[in-house]
Amino acid sequence: MIGFNPLRPRAAIFGAVRPWLGKGGLTPARIREMNRVLDLAGVPDDRDDRPAPAPQAGPFPAAVSPGLRPSLRCVEIVQKFEGCARERRDGRFEAYPDPASGGDPWTIGWGSTGPDVRPGTIWDQKQCDDRFVAHLGEFAGKVAKLLGDAPTTQSQFDALVSFAYNLGPGNLASSTLLRRHKAGDFAAAAAEFAKWNKANKKVMAGLTRRRSAEAALYLEAGGP
């Protein structure tokens, strides 16, 4: 279970109930409903765009000074577009080929890839969730290094981590998106998301929707 952090009460609550949810885990619909109930209960909202004053204990490592890390908003947007696929009749999940290439990289669960994911790989829900948490933390750390000391809000960070989770930190590193962000031209940076909606030179409807959602999240704070 995730340890309680008074600055992030919702993260502790989500961590506590997650083992009880069974098949499907923290789906976007469940996250939205839980947040609605917590809003009604008056639980402080730790999904806002204020940077944490210092790195705090939580499901992910501290990512970028002064303490940004993937928030629940980041979890929600990544899980919404990745989905936890491909589910079998027995409730476990089987690796599948990349939809664009029909082969590598083989993927499982919440968009997870790696040398241990190949044809015939089968995981249960806990394996999918554990790999997701580990990988999201890894990507957050890589995005943090790319950002350096560039002023970045929580919403901007979440959007960039989602982008890197989908396309890889290498693409983010070489992108005009990152250069615009580090220059403080946030409107121009947000416009760059839409350019990354192709796979094998083909426009993908799913990528178009994802880039639009990431750009909207990026702009939510209106700058640091």
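The values are calculated or read from the model by the stated rules, or taken from the named source; none is laboratory data. As the structure is a computational prediction, the values presented were derived from the model and not from experiment. Using ideal geometry, Cβ is built from the backbone for each residue, glycine included, and neighbour counts are taken over all protein chains shown. Areas reflect the complete protein model, heavy atoms only, side chains present, ligands, DNA and RNA absent. Shrake-Rupley method; radii C 1.70, N 1.55, O 1.52, S 1.80 Å.
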Quick test for you: out of Pro151, Pro119, pick the one residue that is within 18 Å of Tyr96 (Cα to Cα) and part of a loop (DSSP other than H, G, I, E, B). Pro119
Yes or no: the stretch 119-126 includes at least one residue that is in contact with a strand residue (DSSP E or B) (Cβ under 9 Å, 6 or more places away or on another chain), modelled with pLDDT under 90 and surrounded by fewer than 21 Cβ atoms within 10 Å (Cβ to Cβ). no
Inspect the stretch 189-196 for any residue being in a loop (DSSP other than H, G, I, E, B) and open to solvent by less than 70 Å² (accessible area, probe 1.4 Å) and give the result as yes or no. yes
So which residues in the stretch 209-224 are within 19 Å of the chain's Cα centre (by Cα) and surrounded by fewer than 14 Cβ atoms within 10 Å (Cβ to Cβ)? Arg209, Ser212
Within the stretch 197-208, take every residue that is open to solvent by less than 60 Å² (accessible area, probe 1.4 Å) and outside any helix (DSSP H, G or I) and give me the one that is nearest to Leu68 (Cα to Cα). Asn197
Scanning the stretch 99-147 for residues that are among the charged types (D, E, K, R) and in contact (Cβ under 8 Å) with a residue 12 or more places away in the chain gives Arg118, Asp124, Asp129, Arg131, Lys142
Do we have any residue at all in the stretch 149-163 that's open to solvent by 20 Å² or more (accessible area, probe 1.4 Å), under 19 Å from Leu217 (Cα atoms), over 13 Å from the mean Cα position of the chain (by Cα) and free of Cβ contacts under 8 Å to residues at least 12 places away in the same chain? no
Residues satisfying the stated conditions in the stretch 172-188, i.e. surrounded by fewer than 16 Cβ atoms within 10 Å (Cβ to Cβ), in contact (Cβ under 8 Å) with a residue 12 or more places away in the chain and under 19 Å from Lys142 (Cα atoms): Ala173, Thr176
Restrict the check to the stretch 74-94 and report whether at least one residue is under 24 Å from Trp196 (Cα atoms), of a type outside the set (A, V, I, L, M, F, W, C), without any contact (Cβ under 8 Å) to a residue 60 or more places away in the chain and assigned to a loop (DSSP other than H, G, I, E, B). yes
Here the residues within the stretch 101-131 that are in contact with a Lys or Arg (Cβ under 7 Å, 6 or more places away or on another chain), among the hydrophobic types (A, V, I, L, M, F, W, C) and closer than 17 Å to Tyr165 by Cα are Trp106
Asp130: in a loop (DSSP other than H, G, I, E, B) and open to solvent by 50 Å² or more (accessible area, probe 1.4 Å), yes or no? no
Considering only residues of the stretch 176-188 that are over 18 Å from the mean Cα position of the chain (by Cα) and in a helix (DSSP H, G or I), which is nearest to Pro105 (Cα to Cα)? Thr176
Considering residues of the stretch 109-161 that are in contact with a helix residue (DSSP H, G or I) (Cβ under 8 Å, 6 or more places away or on another chain) and hydroxyl-bearing (Ser, Thr, Tyr) only, the residue farthest from Arg179 (Cα to Cα): Ser112
